[in-house]
Structures are given as structure tokens and as C-alpha cells.
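Visitor: Before we start, here is the structure in question, set down as C-alpha cells.
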Amino acid sequence: MAPKSPEKAKKESPNKAAAAEEEKKSPVKAGAGSAGKTRAASPTKLEKSPAKKPKGEEALAEGPAAHTRAKEGDAPTSAAAKAAANAAAANLLPELTITDVLLADHRDTVALLKHFEEIAGGQDKLMMEKLVDAIAITIRLHSQAEADVLYPLLAKRLGAQGKEAMKHAASEHAKIERDLVTALEQRKSGSEELASTLKEVMEAFIHHMKEEEEEMVPKLLAGMSEEEQVEVCQSFLSAKAKAPLEPQPEAAEEMAAA
Ligand SMILES: [Fe+2]
Ligand SMILES: [Fe+2]
């Protein structure tokens, strides 16, 4: 069937055609008075499905509700969550042990190093600088607390074997802290070598962390009561709070040579 000509359509729907003509001529009039407002607020004939959001917008709109549903669904079913909530309410959360803090520090450091690796070579220079600072300070506080609290304890509890382990760990700290000095200089000068320096830090840190977690710490904690582990943790946290913020490779070298 041949399409209707505009003239024919006009004849068949004279009111609609006239209204459209009127709106074209007088857009201001369309917004004036109640009839005009009604037309403006009901654009179904002028726009394609304006109420239907694009997929991305729908997902965004659904996000918070889905999140809320997930939280609501999880809470009542977990006995552990209930116990934790009760303990928190009674101020009875279990105290952290040295293992908790060591593992958390190691994981945080690796996460920061991976964030840096992800954006290295990209355009976000400011975020790269922030990450270098965060990595340097996170490693610094952790290394100082180990040097002040953990490694001397290792030598004290495990004798000659502990002292050897302490010296080995300190030599690895010295290498990492030297690389961090270099990284901070490269960050200031905008050197292209920064990413490869941080790659070395990541490799050295992961190697060192694994040795601590798989060999050193289990030996150190063998036979240590949970109470003692909490006390060591408190000393460790105090040492972190007082640690110098700039890398200290010389101090680590001294400990390695002792
Ligand atoms: Fe260490
Ligand atoms: Fe460590």
C-alpha cells in the first residue's frame, strides 16, 4: 500500500495536524497554561521511549538496590556475623595477634604494588605518584616494626639460627629500602625508570614476604601463647606508629652485618 501523502493525513486527522502545526509556530505557547504543560510533560508522541533508560543507566539505577538486597540477605543467615556483631556491641572483639598484622601488612603492600603496576606507563601521573608514596610508607612502617620488635625476638628465641634468619631478612630489607630511595627520586624527577624500579621492589617484597610467612614466622611463633602473640602485636603496632617515614637502608645494612 502506498504511503499516505501529508495532505491526505491532514484530511484524516485535521485536529492532530493542526495541533502539530501550532506547536511548531508557537513553542512558547506550548509551555504556557495548563494545556501547554500537559503536552510538554507527555512527550510520548515526540520522543522515542524517553522513559526507557540505556542498559548502562539501568545497571546504575539498579546497583544500590541490588547491593542493599545482598547485604540484607547475608546478615541474618551468618552465625559468625551475628557473633561478631554481638561481640562488637559488647566491646569484646578478639585482639589482634602479630600474625594478623603481619599478614594484613603484607597483603596491603602487594595490593598497592599491583595498583601501581596496573597504571604504570599510563597518563595518570598523579595517581602513580600517590601510589609510590603509599608503597614507600607502608613498607617503611612495616620494616621498622620488624627490625625493632620481630627480628630481635627471633634472635632471642631461636639463638644462632634466629640470628642468621634476622641477618638474612635485614639484608633483604636493605635492598628493598635502597630501591625505594631510588623510586622516590625517580618519582620527583619524572623518570621513565620508575616502573622498572617498582617492579624490582615488588619481586623482592613478594620473595621476602613468602620467606617470612612460610619459614620465619611459624618458627618464631611455635610455642608462643596467644597472649604473648597479642603482646608482640601491640609492641609491633607501637613501633609502626613511631617509625621514621623516610627509607632507612643504612640501618637495615647495619643489622644485616651485625
Ligand atoms: Fe621483613
Ligand atoms: Fe614482613
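Visitor: Residue by residue through the range 247-258, note down the ones that are part of a helix (DSSP H, G or I) and under 21 Å from Ala136 (Cβ atoms).
Guide: Result: Pro249, Glu250, Ala251, Ala252, Glu253, Glu254, Met255, Ala256.
Visitor: When you scan the range 114-121, do you find a residue that is surrounded by fewer than 21 Cβ atoms within 10 Å (Cβ to Cβ), part of a helix (DSSP H, G or I) and within 14 Å of ligand 2 (Cβ to nearest atom), even just one? Walk me through it before giving the result.
Guide: In the first step, residues of the range 114-121 are kept if they are surrounded by fewer than 21 Cβ atoms within 10 Å (Cβ to Cβ); the result is 114-115, 117-121.
So of that shortlist, the ones also part of a helix (DSSP H, G or I) come out as 114-115, 117-119.
Among the residues that remain, those that are also within 14 Å of ligand 2 (Cβ to nearest atom) are: none.
No.
Visitor: Continuing with this model, one more query. List pairs: first in the range 189-209 and within 16 Å of Asp133 (Cα to Cα), second in a loop (DSSP other than H, G, I, E, B) and of a type outside the set (D, E, K, R), Cβ under 8 Å, 6+ apart or cross-chain?
Guide: Listed by first residue and then by second, the contacts come to Leu194/Ala120; Ala195/Ala120; Ala195/Gly121; Leu198/Ala120.
Visitor: For Ser143, all conditions in the list (1) away from ligand 1 (no atom under 16 Å from the Cβ); (2) small (Gly, Ala, Ser); (3) assigned to a helix (DSSP H, G or I) hold save one; what is the number of the exception?
Guide: Ser143 satisfies every listed condition except (1).
Visitor: Quick one: how many residues across the range 137-160 are within 24 Å of the chain's Cα centre (by Cα), surrounded by fewer than 22 Cβ atoms within 10 Å (Cβ to Cβ) and of a type in the set (A, V, I, L, M)?
Guide: Matching residues across the range 137-160 total 2.
Visitor: Filter the range 198-246 for residues that are surrounded by 15 or more Cβ atoms within 10 Å (Cβ to Cβ) and not in a helix (DSSP H, G or I); which is farthest from ligand 2 (Cβ to nearest atom)?
Guide: Only one residue tops the list, namely Met224.
Visitor: Right, another one. Filter the range 143-176 for residues that are of a type in the set (D, E, K, R) and within 13 Å of ligand 2 (Cβ to nearest atom) and give the result.
Guide: Across the range 143-176, the qualifying residues are Glu146, Asp148, Glu172.
Visitor: Also, I was wondering about something else. I need the full set of residues from the range 148-183 which are closer than 16 Å to Ala204 by Cβ and either in contact with a strand residue (DSSP E or B) (Cβ under 8 Å, 6 or more places away or on another chain) or among the aliphatic types (A, V, I, L, M) (or both), in order please.
Guide: Listed by number, the residues that qualify are Ala169, Ala170, Ala174, Ile176, Leu180, Val181, Ala183.
Visitor: Further question: Checking the conditions here, which among Asp179, Asp133 is touching an Asp or Glu at 6+ places or on another chain (Cβ under 8 Å) and over 27 Å from Gln229 (Cβ atoms)?
Guide: Asp179
Visitor: Kindly establish whether Asp179 is crowded, with 20+ Cβ neighbours inside 10 Å and either among the acidic types (Asp, Glu) or modelled with pLDDT under 95 (or both).
Guide: On the way: crowded, with 20+ Cβ neighbours inside 10 Å: yes; either among the acidic types (Asp, Glu) or modelled with pLDDT under 95 (or both): yes.
Criteria met by Asp179.
Visitor: Do you know which residues across the range 89-107 are outside any loop (DSSP other than H, G, I, E, B) and among the acidic types (Asp, Glu)?
Guide: Quick first cut of the range 89-107, residues outside any loop (DSSP other than H, G, I, E, B) only: 89, 98-107.
Those that are outside any loop (DSSP other than H, G, I, E, B) and among the acidic types (Asp, Glu): Asp100, Asp105.
The values are calculated or read from the model by the stated rules, or taken from the named source; none is laboratory data. Here the structure is a predicted model, which is why all the values come from computation and not from measurement. All Cβ positions, glycine included, derive from the backbone under ideal geometry; neighbour counts span all protein chains shown.
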